[in-house]
Amino acid sequence: MPGVLKQENPSKKRKGVEGAEKADRVLKKSRKAVANQYAAHIAEVEEAICDPDAPKYNDIATILLPAARKELEGKLDRTQAIVALCAVFCRLFTDGKLSKSNAKSEEQLQVISWLRAQYEDYRELLLAILSHGSGDLQAQILALSLCMLLVQAEVSYASTSAVSAWKTGLFFKTIEAVLSSPSIRISQQLVERYLQQYDDLRHYALMAIAQLLNSVAADCDWMATLRTNALEIMSTLDVVENTTTKLDSLFCEREEKSKSIQVTAHRKQAQQAWLALVSSGLEKDQRKKILGMMTSKIVPWLQNVELLMDFLTDSYNEGGATSLLALSGLFYLISEKNLDYPEFYTKLYSLLDVNLLHSKHRSRFFRLMNTFMSSTHLPAAMVASFIKRLSRLALAGPPAGIVAAIPWIYNMLKAHPACTFMMHREPRTNEERERIEDTGATDPFKMEEVDPLESNAIESCLWELVTLQNHYHPNVASLAKIISEQFTKRSYNVEDFLDHSYSSLIDTELGKDMKRAPVVEFVIPKRIFTTDEGDNTLEKLMLDVLETA
């Protein structure tokens, strides 16, 4: 007979839970008491160090040592010590206790040298946290905030010039630590908290970035991280375009210096930083990102846009999506700076490949090509090549790409009447008509020809658009029928067709009002390939194949 299970007493279980909760509260209370006791001790040491009558500088070691030691029992203790050290050194800077020029004796000079050595150790501790952080973003943000407070004290109370204080002080090392961090989030925090708000920080940060990119070897281990963080910082900064704007939002003010930064010098630093970045051996994705924001984020910074000619032409010659992205910047140089790019239309013609209508940059390309081909002085043979090649690509393109290509082709035919012969080409002689009836027609267009003037497109016809009139998608089929109607319709606004996708086309179809119910098959067929009578030709072919197999 099985034994009877004893049920646990609920009151005992509840008492056990209450006992555990009480123990947790006692433990938390004791930890808080220890933390408060340690914080009070640090505050006392801080006051003792900064005592104007009898400063106890040796007590710095009692703060610096636990802050630098990795085997600390509590993280709160280390944080309090690091913050207290920052307060101590900021007060020492304010009182001039770290300036050797204020030393009046050899003994004071030795004390200042010792204090500066302690300060160097503290800086290295902050920079190590900032560059690595062990994945702790809060620790990195704290280290960044403390570094910026020290930078403010260094520059504001330095005995050297302002430029020297920025370059040789903590700020350049702080930028280097941020750029070497594997986490891109600390770079975003630097821009959001400091570089966007203060003009002097942004000015010298651009100077530091340019210096680092030019000094670090391309095959260095952390060069890839440096490029990634530099691109993140520079692409996020707001552009300063107006040359009359005063940049007077300063983080560090020195009484003997001007209260603003010249916009010309500021843009010059940005130009040097961007030029250093584009010549640092970018990866393919980074090059695409830069090309994508060329006209909106980079060109407005530059005083001499011509310096980007080599970068843009190399990107344009690379092919694929990179060439598509380089078009906007290259067009700006051609139209505004009179850049002479040989065989520009030949290269543009080569971009019409099988991937064009499938590319996510398709809309950008059509906008630019619409501008490039707008001149009525272009040779008809060249325009015909673009029309014909795009028509051929539309046969294998997605519906969203086809509905963008057909209006563009129609507009080109309207703008260049010499190409309208391609819409409906009749045999010119009886011999040609007989040859077509006997052997069929051959398309004289050379799809593989790289030169648009030699493709013989002007001798061909747009049979591809007639084929698209039977496309499975009704929007494509109805749009392609424009080529068979009277040529009196006004030109399309290509912009209305560039942002279509599968989703938008489906939503358009589903949103239409149904005028009448579609006819459907209501009798389910019993057979597909065979019939009961046995007189199906397809059935006989299948049986023959099965017998011979």
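The values are calculated or read from the model by the stated rules, or taken from the named source; none is laboratory data. It should be emphasised that the depicted structure is a prediction, and the values quoted were computed from it without experimental measurement. Here the Cβ is made from the backbone with ideal geometry for all residues, glycine too, and neighbour counts use every protein chain on show. Surface areas here come from the heavy atoms of the whole protein model, side chains and all, with no ligands, DNA or RNA. Shrake-Rupley method; radii C 1.70, N 1.55, O 1.52, S 1.80 Å.
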>> Out of all Cα-Cα pairs in the range 244-395, roughly what percent, to the nearest whole number, are more than 23 Å apart?
In response: 47 percent
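Given a 1.4 Å probe and every protein chain left where it sits, what share in percent of the accessible area of the range 203-350 is carbon and sulfur? It would help to have the intermediate numbers written out before the result.
On the way: 2980 of 6800 Å².
That share works out to 44 percent.
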> Taking one equal scatterer on every alpha-carbon of the range 121-179, how large is log10 of I(q)/I(0) by Debye at q = 0.17, 0.21, 0.30 1/Å?
Replying inline: -0.52, -0.74, -1.22
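Using alpha-carbon pairs under 8 Å, 6+ residues apart, how would you state the relative contact order of the range 135-204 in percent?
Working: 34 pairs, mean separation 21.4, N = 70.
Computed value for the range 135-204: 31 percent relative contact order.
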> Modelled label-to-label distance, residue 429 and residue 116, 7 Å Cα→beta-carbon offset: nm?
Replying inline: 9.7 nm
> Say the cut-off is 22 Å between C-alpha atoms; which of 246/297; 100/167; 360/512 go over it?
Replying inline: 360/512
>> Given N residues in the range 269-313, what is its alpha carbon radius of gyration divided by 2.2 N^0.38 Å?
In response: 1.04
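Hey, what's the Kirkwood Rh for the range 313-362 if you take every pair of different alpha carbons, in angstrom? Before the final figure, lay out the partial values.
On the way: mean 1/r = 0.0888 Å⁻¹.
In the range 313-362 this quantity evaluates to 11.3 Å.
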> Mind checking the log10 I(q)/I(0) for the range 347-486 at q = 0.12, 0.14, 0.19, 0.21 Å⁻¹? Debye, one equal scatterer per Cα, no solvent, two decimals.
Replying inline: -0.48, -0.65, -1.19, -1.42
> Separation between the residue 215 and residue 418 pseudo-spin-labels, each 7 Å from Cα along Cα→Cβ, expressed in nm?
Replying inline: 6.0 nm
